[in-house]
Amino acid sequence: DAGITQSPRHKVTETGTPVTLRCHQTENHRYMYWYRQDPGHGLRLIHYSYGVKDTDKGEVSDGYSVSRSKTEDFLLTLESATSSQTSVYFCAISEESGANVLTFGAGSRLTVL
Amino acid sequence: KQEVTQIPAALSVPEGENLVLNCSFTDSAIYNLQWFRQDPGKGLTSLLLIQSSQREQTSGRLNASLDKSSGRSTLYIAASQPGDSATYLCGGEYSTLTFGKGTMLLVSP
């Protein structure tokens, strides 16, 4: 996954605690995305960013917030984690939208007990 | 709401067989269609991207087609190998990518 790293890769936390996942890219791509992947639901978009401080909601944004203060970093925050947010979270980047390949990170596995 | 569907959900074939994976989408106003591969416990790797003005793309043993009028895309894998075993996902891009749930492919030696 050259050019895009996610941290942490694995995290176990308790219900009600805040959690932040980080996506870091070295490609200087404009667009960054957070997806979650769950059995039976596939990949669903949580939030995405089209520039520094420019973000928008995806299909399943409730309970999540994001921030992008620098081109290279896109943070996903669960203010108060719930068991339904147990999932594998993927970050992706693309140079532009409409005709550019999405490059995915390796994923962050989050378990909320 | 745009929906992307992949059939079958799982496919098992012997090595050497040619095969076709299917992807259908409800909204024909699609910017592009991308095919990805996902190995267990890994992220997605892009295989092919077909822009809306194109009808097909080829890379090695892979060929993907796009028919916007019928709302369908196919991924053709020639001479399948055990190393092709993975989950294949298609994603239709409107303003963002909407994914199908994938086809899990097993190629047996």
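Dividing the radius of gyration of the alpha carbons in segment B:17-109 by their Kirkwood radius gives 0.96 for Rg/Rh. Ellipsoid semi-axes for segment B:29-73, based on the Cα gyration tensor and the rule √(5λ), read 21, 12, 8 Å when sorted largest first.
From the Cα gyration tensor of segment B:56-107, with a ≥ b ≥ c the square roots of its eigenvalues, which class applies: rounded if a/c is under 1.5, or else prolate if a/b is larger than b/c, or else oblate? Mind showing how you got there, number by number?
Numbers: a/c = 2.46, a/b = 1.50, b/c = 1.63.
Oblate.
Here the Karplus relation 6.51 cos²θ - 1.76 cosθ + 1.60, evaluated at θ = phi - 60°, turns the backbone of segment B:46-52 into coupling constants of 5, 9, 8, 10, 10, 6, 4 Hz, with x for every Gly and Pro.
For segment B:1-84, the relative contact order is 32 percent, taking Cα pairs closer than 8 Å that sit 6 or more residues apart in sequence and dividing their mean separation by the residue count. Residue ranking by accessible heavy-atom surface, 1.4 Å probe, largest first, among B:S12, A:S49 comes out as B:S12, A:S49.
Note on exposure: A:K53, B:K101 ranked by accessible area (1.4 Å probe, complete protein assembly) read A:K53, B:K101, with the most exposed listed first. Working note: Cα atoms of segment A:19-65, range along each principal axis, descending, whole Å: 33, 20, 19. When the listed pairs A:K53/B:K68; A:K53/B:K101; B:K1/B:K101; A:K70/B:K1; B:K42/B:K101; B:K1/B:K42 are checked against a 25 Å cut-off, the alpha-carbon distance exceeds it for A:K53/B:K68; A:K53/B:K101; A:K70/B:K1; B:K1/B:K42.
A:R22 exposes around 90 Å² of accessible area when a 1.4 Å probe is run over every protein chain in place.
Dividing the Cα radius of gyration of segment A:1-44 by 2.2 N^0.38 Å, with N the residue count, gives 1.41. Max-minus-min Cα coordinates of the protein assembly as shown on each principal axis give 50, 37, 32 Å, with the largest extent listed first.
For chain A, averaging the sequence separation of C-alpha pairs within contact (under 8 Å, six or more residues apart) and dividing by the residue count gives a relative contact order of 36 percent.
Counting heavy atoms of the protein chains alone, B:E56 has an accessible area of about 110 Å² for a 1.4 Å probe. Probe 1.4 Å, all protein chains in place: accessible area of B:F25 in Å², nearest 10? Solvent-accessible area, nearest 10 Å²: 20 Å². Cα extents for segment A:15-113 along the principal axes, largest to smallest and rounded to whole angstrom: 37, 29, 21.
The values are calculated or read from the model by the stated rules, or taken from the named source; none is laboratory data. Source: prediction; values computed, not measured. These accessible areas exclude ligands, DNA and RNA; they are computed on the full protein's heavy atoms, side chains included. Shrake-Rupley method; radii C 1.70, N 1.55, O 1.52, S 1.80 Å.
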